Amino acid sequence: MNLRRTNFTDYELLRRQPSSGAETVVLDAESFHRFIALERKRTERSGNPFLLMLLDTGHCLAGPEDGKLLNEVLPLLAVSIRETDMTGWYENSSVGGVVFTEVGNDGPTSIMGTMLARVSTILRERLNIEQYNQIGISCHLFPDVGHDISQQPRNPALYPDLARRDRARKVSSAVKRTMDIAGSGLALVALAPFLLTCALLIKLESPGPAIFRQTRWGQGGRLITVYKFRSMFNDKGDRSGVQQTVAGDTRITRVGAFLRKTSVDELPQLLNVLKGDMSLVGPRCHAVGMKAAGMLYEELVPHYHWRHLMRPGITGLAQMRGWRGPTDTTMKSRARIAADLRYVENFSLWLDVKIIFGTITNELFNSSAF
């Protein structure tokens, strides 16, 4: 049997032009992770679950012997599964995997039991008892059992592509946090006289605190308290954040109108950045229960909470693109969240720099805040 590790491009070609059976395709780890990510998206659209089965020797064999047995097992499985299924390396030469696509909706216990029995039968027929006992098998059904796919990932095994990305981002994330601390600290010191003047003007115009506090979503879905300059009369402000501001809103004070127009009301969030609750750049920090076009964001936009995989930012990709103001249509709402999710997926330090300068340019020449 001719075993060949292939990449994702080769796989797509093979799907269009099925082989005659002379060659057994086993994806390498990177390509297999991409295949799992693609199946997740298909499942999200179709609602048809898939099963990821992982095979691991548990490193009970030393050195090259650890991967040698799986090198024999994976091609055995590859020729025994449907054309729509796929075998590959979950971890190169360490952990193998099989994705069974569109496994039906008979219930997780039934699905896992059926597939486990099928694979176990194949292995028992082809391996001796000692080899068979060295292989551990685990099953992971997507969508995760009892888990809403619109929420944050719960079973890491089903998201190897995200884990790989997160490992690659560790250095960038550390640098980003350093930039947040340095940037927010320096800004607070440099802007202290201006911030104190703003606070004084707010107090002189209307009674109440100069700083407005509101509970919002933070990283990981935890709740944080966000600071802003109060821009409304104290007895008319909406601490829940559900009631959106509109043009000509009578709740806004004269000083508040200036602060909002220039986005100066956001500057106290530098304290949130310094504390570690927020970042200079990230998905915008939404109030809990915030609605868009009359619907909760969680109901309107799939994967809404995935935007909370990163710290919320004072500014973000959506703001740089001009998506500000009330979310009175579903198009506006989805466009903002799409930009947030794109940022989460493609985060880099260079992207942060572009967003910061893009936001400054927009505020100076194209501000749509009110």
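Derivation of every value follows stated rules applied to the coordinates shown; laboratory data play no part. This one's a predicted model, so the numbers in the text were calculated from it and none came from an experiment. FYI the Cβ positions are ideal-geometry reconstructions off the backbone, even for glycines, and counts take in every protein chain you see.
List of remarks:
- Between region 192-222 and region 253-308, the alpha-carbon center distance in angstrom: 14 Å
- Note on residue 171 and residue 346: the extension gain reaches 61.5 nm, defined as 0.36 nm multiplied by sequence separation minus the Cα-Cα distance.
- Cα-based shape type of region 170-365, given that a ≥ b ≥ c are square roots of the gyration tensor eigenvalues and the cut on a/c is 1.5: oblate
- Annotation note: GluC sites (Glu not before Pro) in region 70-140 located in DSSP loop regions with a Cβ neighbour count of at most 15 within 10 Å are 83.
- Of the cross-linked pairs 291/354; 228/275; 203/236; 203/354; 68/170; 41/176, those separated by over 24 Å at the C-alpha level are 291/354; 203/354; 68/170; 41/176.
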